[in-house]
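Encoded as structure tokens, the structure appears first; notes follow it.
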Amino acid sequence: MFAKSKGNGTTELDAFYPIRPECIADTPKTRFKPRAGKTLSERRWHASFTQDGHLDIAKVLRRIQWGGIHPSIKGVVWEFLLGCYDPNSTFEERNQLKQQRRQQFNTLKDECQRMVPLIGTGKFITTPLIGGDGQPIDNSLIGVPLSDKKVLEWVQTLHQIGLDVVRTDRTLVFYESETNQAKLWDVLSIYTWLDDDIGYVQGMNDICSPMVILLEDEADSFWCFERAMRRLRENFRTSASSIGVQSQLVTLSQIMKTVDPKLHQHLDDLDAGEYLFAFRMLMVLFRREFSFADALYLWELMWAMEYNPNIFSLYEKPETTQTHENAPVASGKLLKQYGKFQRKNLKTGNTEQALAVFLVASVLEVKNRKILNEAKGVDDVVKILGDITANLDAKKACSEALKIQKKYLSKTKKA
């Protein structure tokens, strides 16, 4: 199961996420490597289920927080972490739900194909289907109700999705295939049709790409991405100045002012006190700051630490979960079903802050001395933080984030 090779430790990962030979020299070195006894292996994953399929989520979370998830099972474990499935369900119940979701996806896909027949063909577009005069350029659109605002805006977005698909994870062998690129385009296009309130925003491709790679069935990739977007969709809201990320930047400012007032003051003096330089980190969850494999490792660590055992019910039956969510959380066995970060929030009543914000704070703390001594302006701060690419350790970053959370909660409690 685990490679015993030494050296750079990436031999096994290369088999799962192979990099194009011409890109290897310029690709950030991967720090994550599966470790026997720490990483959640396929054997331990299967051993975590009862005979009828109930999952011991506490045991799984503990293992993920120790050493991540082995690439061979990453996709199916993510489906639980993101709330696609209830760990208290049976194999049979989950299989029924999977088939229902696949049918639901096919219905959405059919609806989109009736408007744009290219969807689902293994091809995709990078040029507009509609001209500047609002009239269709492509004959396949004749008869499509473009007078409907939702339809028009969706069709106008499809080529932009295609342009972003071409740029997505292009160092990976996986995306040398036009069929795989088209799969990413299909998932993003269909999601954009489903969630017309948010629509499509650049950066969603970075979130969706791993799901397409990890889960072979397009419908499963779609629903995994849809669940991830439930957590992140406000990051991509373009109205009201992207209030999702903006609110996180306000929280980041409060945290830094509390845990490191000297650094916060220095940043404020440099006109960087609004922390706009951290916008991209928060929007796409550090995808650009880590190698592909390390970004996936970071995400699963975060999702395990933030895990709430009620997440499935919250998404599927929000009307029945509200009362349960507001009820006091039991200690002991039930509390262990929450991730480390979420447990601390529950104990203190601070449930609004995301782990990603504390992660940015941990990065700033790592670069504290360099920023204080060398940053004379915002550009210097951006450059110093830009140098962290491929030099961050996901596990250490999460550990430091938890320490900063503890320090912040301690100081705010005393205040």
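The values are calculated or read from the model by the stated rules, or taken from the named source; none is laboratory data. Remember, it's a predicted structure, so these values are computed and weren't measured experimentally. Counting neighbours? That spans all protein chains shown, and the Cβs are built from the backbone with ideal geometry, glycine included. Surface areas here come from the heavy atoms of the whole protein model, side chains and all, with no ligands, DNA or RNA. Shrake-Rupley method; radii C 1.70, N 1.55, O 1.52, S 1.80 Å.
The 3J(HN,Hα) values that the Karplus relation (6.51, -1.76, 1.60; θ = phi - 60°) gives for the stretch 105-111 are, in residue order, 5, 4, 5, 4, 5, 4, 4 Hz. Gly and Pro appear as x. Compared with the direct C-alpha span, the chain from Val166 to Val250 gains 26.9 nm at full extension, assuming 0.36 nm per residue.
The calculated FRET efficiency for Glu374 paired with Lys411, based on their beta-carbon distance and R0 = 25 Å, is about 0.35. Within the assembled protein chains, the solvent-accessible surface assigned to Asp86 is about 30 Å², based on a 1.4 Å probe.
Please say if the stretch 131-247 is rounded, prolate or oblate, where rounded means a/c under 1.5 for a ≥ b ≥ c the square roots of the C-alpha gyration tensor eigenvalues, and otherwise the choice is prolate for a/b larger than b/c and oblate otherwise?
oblate
Quick one: Debye curve from the alpha-carbon atoms of the stretch 62-118 only, equal weights, vacuum; give me log10 I(q)/I(0) at q = 0.12, 0.22, 0.25, 0.26 Å⁻¹ to two decimals. One equal scatterer on each Cα of the stretch 62-118 leads to -0.45, -0.91, -1.01, -1.04.
One Cα centroid belongs to the stretch 247-278, the other to the stretch 182-235; the line between them spans 31 Å.
Note on the stretch 91-224: with charges restricted to the Cβ of Lys and Arg (+1) and Asp and Glu (-1), its dipole about the Cα centre is near 120 debye. The modelled label-to-label distance for the pair Glu42/Phe91, using points 7 Å beyond Cα in the direction of Cβ, is 1.6 nm. Comparing Cα centroids, the stretch 73-144 and the stretch 351-415 end up 37 angstrom apart. With all protein chains kept in place, the per residue accessible area of the stretch 178-281 amounts to 37 square angstrom at a probe of 1.4 angstrom.
Between Gln99 and Asp52, the FRET efficiency estimated from the beta carbon spacing at R0 = 22 angstrom works out to 0.75. Where in the stretch 359-375 does the amide nitrogen come within less than 17 Å of the point 7 Å from the Cα of Asp271, taken along Cα to Cβ? Residues passing the 17 Å test: 375. Once you list every other residue whose beta carbon is under 11 Å from the beta carbon of Ser253, what net charge do they have if Lys and Arg are +1 and Asp and Glu are -1? For residues surrounding Ser253, the net value is -1.
At a threshold of 8 angstrom on Cα-Cα distance, excluding pairs fewer than six apart, so keeping six or more, what relative contact order does the stretch 154-235 reach in percent? Intermediate values should be presented prior to the final figure.
On the way: 62 pairs, mean separation 24.3, N = 82.
Relative contact order comes out at 30 percent.
Please give the length that would be gained between Arg114 and Thr348 if that part of the chain were fully extended, namely 0.36 nm times their separation in residues minus their C-alpha to C-alpha distance (nm, one decimal).
Between Arg114 and Thr348, full extension yields 79.1 nm more.
Once backbone amide H atoms are built at 1.01 Å from N, Ile130 has Ile137 as its partners under 5 Å, excluding neighbours fewer than 5 places away on the same chain.
When the Cα gyration tensor is reduced to axis lengths a ≥ b ≥ c, the ratio a/c is 1.5 or higher for the stretch 44-153, and with a/b above b/c it is classed as prolate. A cut-off under 15 angstrom between Cβ atoms defines the neighbours of Leu392, and their net charge, with Lys, Arg +1 and Asp, Glu -1, is +3. Going through (1) 0.97; (2) 1.01; (3) 1.11, the figure that equals Rg/Rh (Cα atoms, Kirkwood Rh) as computed for the structure here is (1). In a fully extended conformation the segment linking Asp14 and Lys333 would gain 111.0 nm over its present Cα-Cα distance, using 0.36 nm per residue. Only Lys, Arg, Asp and Glu carry charge here, each on its Cβ (+1 for the first two, -1 for the last two); on that basis the stretch 1-156 has a dipole of about 1000 debye about its Cα centre. Heavy-atom accessible area, probed at 1.4 angstrom with all protein chains present, ranks Glu176, Glu274, Glu300, Glu218 as Glu274, Glu176, Glu218, Glu300, highest first.
Simple point charges give the picture: +1 on the Cβ of Lys and Arg, -1 on the Cβ of Asp and Glu, and for the chain a dipole about the Cα centre of about 2320 debye. Which of Pro309, Ser291, Leu249 sits farthest toward the positive end of the charge dipole of the chain, with +1 on the Cβ of Lys and Arg and -1 on the Cβ of Asp and Glu? Going by the charge dipole, the pick is Pro309.
Using a cutoff of 8 angstrom between alpha carbon atoms and counting only pairs six or more residues apart, the relative contact order for the chain works out to 17 percent. By the rule of a C-alpha distance below 17 Å, with chain neighbours fewer than 8 residues away ignored, the lysines paired with Lys376 are Lys262, Lys367. Placing His70, His46 in order of accessible area, with the largest value first and a 1.4 Å probe, yields His46, His70.
Residues whose amide H comes within less than 5 Å of that of Leu172, counting only those at least five positions distant or on another chain, are Arg20 (H built at 1.01 Å from N in the peptide plane). Note on Lys149: lysines with a C-alpha under 24 Å away, same-chain residues under 8 apart excluded, are Lys109. Normalising the average separation of contacting C-alpha pairs (under 8 angstrom, six or more residues apart) by the number of residues puts the relative contact order of the stretch 225-320 at 18 percent.
Entry note, the chain: the mean residue ellipticity at 222 nm calculated from DSSP H runs of n ≥ 4, each adding -39500 (n - 2.57), is -17500 deg cm²/dmol after division by the residues and rounding to the nearest 500. Which of the listed residues, Phe225, Ser140, Trp193, is farthest toward the dipole's positive end in the chain, when Lys, Arg count +1 and Asp, Glu count -1 at the beta-carbon? The Cα lying farthest towards the positive end belongs to Phe225.
Solvent-accessible surface (1.4 Å probe) assigned to Val201 amounts to roughly 20 Å². Which residue, Gln103, Asn88, Gly162, has the largest displacement toward the positive end of the dipole of the chain when charges sit on each Cβ (Lys, Arg +1; Asp, Glu -1)? Selected residue: Asn88.
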